[in-house]
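The structure appears right after this line, and notes come after that.
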Amino acid sequence: MAAPCPLCGGTEHEKVSSRDRHGNPLVSVLCLGCGVITNDPIPTDAELAAFYTRDYRKSYKGAAIPSKRQVWRNFGRLVAHFEANTGFYRAPITGLDLGAGSGEFLFLAKVKGLHFIGVEPNEDYAHYCRDMLGLDVRTNLLEELTFPEASFDMIRLSHVLEHMRDPVRSLKTLSSWLKPGGLLYIEVPQTDDEARRKLRGRMFHFGHIFNFDPFTLRLAAARAGLVEAPDAAARLAGTTGTFFVKGDAVSPPPDACRANAARARSFMADHNARTVPAPKDGNAVSRLVSTLAARSAEALAARRFKTHRAIAEHFGARLVG
Ligand SMILES: [Zn+2]
């Protein structure tokens, strides 16, 4: 790896994996300065554009529109998110949902009277949002977007930042689009949790260039001049889904960064040394059983509805009810 770590400036790395989750060659390295895990090499803009236009759907999502079970699950999680964070979602809000996916957030935001624009690079998903859910969703690559400074009260970035080849640069751009006091919600997969939960070798993906843990997510945000919103910091500590505001961000000292790298080396060594997952909550078998039970319960619940739209309306009514 040639370039210094964009999060800590470190130049020392250690290889933690040589295969992606499908068994294809993909080198992932851990920064010994801060613990963030990245693809090596980091793909160029041109390589990423080619990947997303050609390969994204078949290698990642596997379906042109989401299953009703998936939609049911997404809506359930988002209703819980809105209920847990009501203080942040008071109208009027003009917002941007970058990486709108299958539109569950946008649908519920609209129900709550919040005005969000959606952007989704996957054309099938964007069509689904517009046609099935009646949402304002544009099809753009995120890198192509520009908005005037201070356009939004809130920007939402759910499962997007890990796809960015230069997350600090991207966060600085997004931060400039926020109004004073505006909020940036960032949610990414939690690498330390995945290392515990997933089977050995099932973690990494070409499209997930940066693999964050709670520390490195906040470090990336700090590098872009973002601090965790006071109302979120204590409540959402230890997670990789939280709210940020522009502020006098103080980057953690190098010692704290290196201590996080030591933690990351340890969870990756555990992951690479064992054959069964070791989730936080219970053993692997009971976890698998409860996952399967939850999935069939979701599938059964979703099957009661004739259309995706009907599921959306069911959850919309729950949110306002
Ligand atoms: Zn680093």
message: Given the criteria in contact with a strand residue (DSSP E or B) (Cβ under 8 Å, 6 or more places away or on another chain) and among the aromatic types (F, W, Y), does F116 qualify?
response: yes
query: So, of the residues in region 253-279 that are farther than 18 Å from L217 by Cβ and in contact with a helix residue (DSSP H, G or I) (Cβ under 6 Å, 6 or more places away or on another chain), which turns out to be surrounded by the fewest Cβ atoms within 10 Å (Cβ to Cβ)?
result: V276
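Yes/no matrix, rows are residues, columns are (1) under 23 Å from the mean Cα position of the chain (by Cα); (2) of a type in the set (A, V, I, L, M); (3) farther than 14 Å from M164 by Cα; (4) part of a loop (DSSP other than H, G, I, E, B):
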{"residue": "A3", "(1), (2), (3), (4)": "no, yes, yes, yes"}
{"residue": "P6", "(1), (2), (3), (4)": "yes, no, no, yes"}
{"residue": "S17", "(1), (2), (3), (4)": "yes, no, yes, no"}
{"residue": "S28", "(1), (2), (3), (4)": "yes, no, yes, no"}
{"residue": "G35", "(1), (2), (3), (4)": "yes, no, yes, yes"}
{"residue": "F51", "(1), (2), (3), (4)": "yes, no, no, no"}
query: Applying the selection to region 1-24, what residues are away from the ligand (no atom under 11 Å from the Cβ), touching a strand residue (DSSP E or B) at 6+ places or on another chain (Cβ under 7 Å) and hydrophobic (A, V, I, L, M, F, W, C)?
result: V16
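Every residue, every condition in (1) in contact with a Lys or Arg (Cβ under 6 Å, 6 or more places away or on another chain); (2) closer than 29 Å to H205 by Cα; (3) part of a helix (DSSP H, G or I), yes or no:
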| site | (1), (2), (3) |
| --- | --- |
| A109 | no, no, yes |
| D131 | no, no, yes |
| F147 | no, no, no |
| I155 | no, yes, no |
- request: Considering every residue within region 263-272, establish whether at least one is in a helix (DSSP H, G or I), more than 16 Å from the ligand (Cβ to nearest atom) and over 25 Å from the mean Cα position of the chain (by Cα).
  value: no
message: Can you say whether R200 is in contact with a helix residue (DSSP H, G or I) (Cβ under 8 Å, 6 or more places away or on another chain), more than 30 Å from H22 (Cα to Cα) and among the basic types (K, R), as far as the supplied structure shows?
response: no
message: Could you check region 25-40 and list, in sequence order, the residues that are within 14 Å of the ligand (Cβ to nearest atom) and farther than 17 Å from E194 by Cα?
response: C31, L32, G33, C34, D40
query: Among the residues of region 248-255, is any under 22 Å from the mean Cα position of the chain (by Cα) and away from the ligand (no atom under 13 Å from the Cβ)?
result: yes
statement: G201 fails exactly one of (1) surrounded by fewer than 20 Cβ atoms within 10 Å (Cβ to Cβ); (2) under 23 Å from F88 (Cβ atoms), namely (2)
- line: Note on region 5-50: residues in contact (Cβ under 8 Å) with a residue 12 or more places away in the chain, of a type in the set (A, V, I, L, M) and more than 30 Å from V250 (Cβ to Cβ) are L26, V27, L48, A49
L135 part of a strand (DSSP E or B) and of a type in the set (A, V, I, L, M): no
Contacts under 6 angstrom Cβ, first residue in region 250-268 being closer than 17 Å to L226 by Cα, partner hydroxyl-bearing (S, T, Y) and within 11 Å of the ligand (Cβ to nearest atom), 6 or more apart: none
task: Evaluate the following for A63: is it modelled with pLDDT under 95, of a type in the set (A, V, I, L, M) and outside any helix (DSSP H, G or I)?
output: yes
- prompt: Restricting attention to region 168-222, which residues are more than 19 Å from M154 (Cα to Cα), within 14 Å of the ligand (Cβ to nearest atom) and assigned to a helix (DSSP H, G or I)?
  reply: T191, F215, T216, L219
message: Among the residues of region 217-234, what is the count of those that are surrounded by fewer than 19 Cβ atoms within 10 Å (Cβ to Cβ) and without any contact (Cβ under 8 Å) to a residue 40 or more places away in the chain?
response: 4
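The values are calculated or read from the model by the stated rules, or taken from the named source; none is laboratory data. Just so it is clear, the structure is predicted and the values come from calculations on it, not from any experiment. Cβ atoms come from the backbone with ideal geometry, glycine included; neighbour counts cover every protein chain shown.
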